[in-house]
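Please read the structure below before turning to the comments.
The values are calculated or read from the model by the stated rules, or taken from the named source; none is laboratory data. Predicted, not measured: the structure shown is a model, and the values here were computed from it. Note that each Cβ is placed from the backbone with ideal geometry, even for glycine, and that neighbours are counted across all protein chains shown. Areas reflect the complete protein model, heavy atoms only, side chains present, ligands, DNA and RNA absent. Shrake-Rupley method; radii C 1.70, N 1.55, O 1.52, S 1.80 Å.
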Amino acid sequence: MDICAGDFNNDGDLDVIANGNYYNMMLFWGNGDGSFAAAVSIPSIATTESTVYDAYDYNRDGKLDIVMFRNATRDVRYCPGNGDGTFGASTALGTTSASGYSISAPAGGVFPFGAPKAIVSPADGVVSLGNEITLNASSSTGAIVSYEWNFGDSNIDTGAVVSHTYADEGIYNGMLKVTDDAGTIACKRFSVTVKGDAPVVDAGGADEDQFNFDEPDSTDAVATHIYDTPDIYNMGLRVWDNGVMNLPDEDPMPSVPAYLTITIEANLPPVCDAGGPYEVDEGTPPATTATASDPNMAGDPLTYEWDLDGDGEFDDATVLNPTHTWDSGTYTITLRVSDSLLEAT
């Protein structure tokens with residue numbers, strides 16, 4: 001395993017290149033505060049054998065290059081840096097007669113006097129979804145002749161000051177590349193956090209001034225509640241986002257509460273009439289004219305039970321107007337109707 005450090009994208013922050021299994025070269029962008037971004041692969045300098053390497057500006061173009069020694073083939077190779085963390089194809093410098101396990105370059109890199117430095121303001125921007133963010137690179141130093149922006153969402157632009165609107169929420173990692181009049185480039189990474197608005201709710205009704213959301217009756221998206229007394233009730237609803245798109249020190253965001261009015265009416269028993277009196281021949285069913293209704297506003301569903309043989313049991317029929325025959329005689333028939341809470345006969 002080998003490791004080397006240097007400012008490979010000319011942003012003024014030290015980066016690190018390391019390998020762990022001989023050929024898998026990984027670049028860690030430095031953040032300038034002792035922390036590093038997640039590793040990215042550098043396929044142009046990957047090898048398939050044990051390799052040691054170091055960094056230096058060998059061609060004096062203001063961009064760090066890589067020089068490497070491959071142990072199996074015993075050759076020394078040079079990879080020119082592009083100044084943005086990528087490298088050109090390697091070129092063989094020569095071979096040695098013996099294997100080796102180290103290579104070194106002079107300490108530090110060679111940066112021409114007046115080399116450019118890219119500066120982005122804001123370096124970590126925050127914008128609401130649908131709004132435009134302005135990024136300013138006019139404080140960059142050097143004889144800069146071009147500014148190239150990559151916003152991290154497949155969109156690009158040019159100019160010292162640019163504006164951009166992102167289409168979706170998220171955290172976007174972009175890159176600014178500046179070039180001076182000598183062709184020397186410098187790069188600077190930046191990030192933009194695009195936040196959605198606080199959630200909006202509609203509970204479907206009237207406003208109310210005072211609600212205690214610190215002691216809610218329910219914290220479910222779909223709430224169920226039973227009211228014991230007929231009255232008019234005001235209900236409030238407030239929702240929170242999950243804080244994923246918020247700044248590190250920012251708490252989850254609540255919505256503006258919405259309110260509705262619920263009218264709870266007294267449950268009245270159903271109304272029914274068995275009809276009659278009926279007079280029919282023995283063995284012939286009567287054409288019954290029973291009626292039933294629910295006086296409540298909601299119109300609760302009703303069930304029907306008949307006692308058609310006068311034995312006091314409501315087990316002879318379950319439809320409003322049943323078909324039944326009797327032997328000769330006089331019978332008292334009874335209809336019972338229920339709305340599941342109250343009943344009537």
List the residues whose amide H sits under 5 Å from the amide H of residue 128, counting only those 5 or more places along or on another chain, with H placed 1.01 Å from N in the peptide plane.
195
So if each residue of separation counts as 0.36 nm, and I subtract the Cα-Cα distance between residue 41 and residue 220, what length gain in nm does that give?
59.9 nm
Could you state how much accessible area residue 117 has, in square angstrom rounded to the nearest 10, with a 1.4 Å probe and all protein chains kept in place?
80 Å²
What ranking do 139-152, 84-97 get when scored by the average of other Cβ atoms within 10 Å per residue, highest first?
139-152, 84-97
As straight-line cross-link partners of residue 117, the qualifying lysines (C-alpha separation under 18 Å, not fewer than 8 residues apart within one chain) are 63, 177, 188
Got a number for the accessible area of residue 324? Probe 1.4 Å, square angstrom, nearest 10.
50 Å²
Can you give the FRET efficiency for residue 74 and residue 126, using 1/(1 + (r/R0)^6), R0 = 51 Å, r = Cβ-Cβ distance, to the nearest 0.05?
0.45
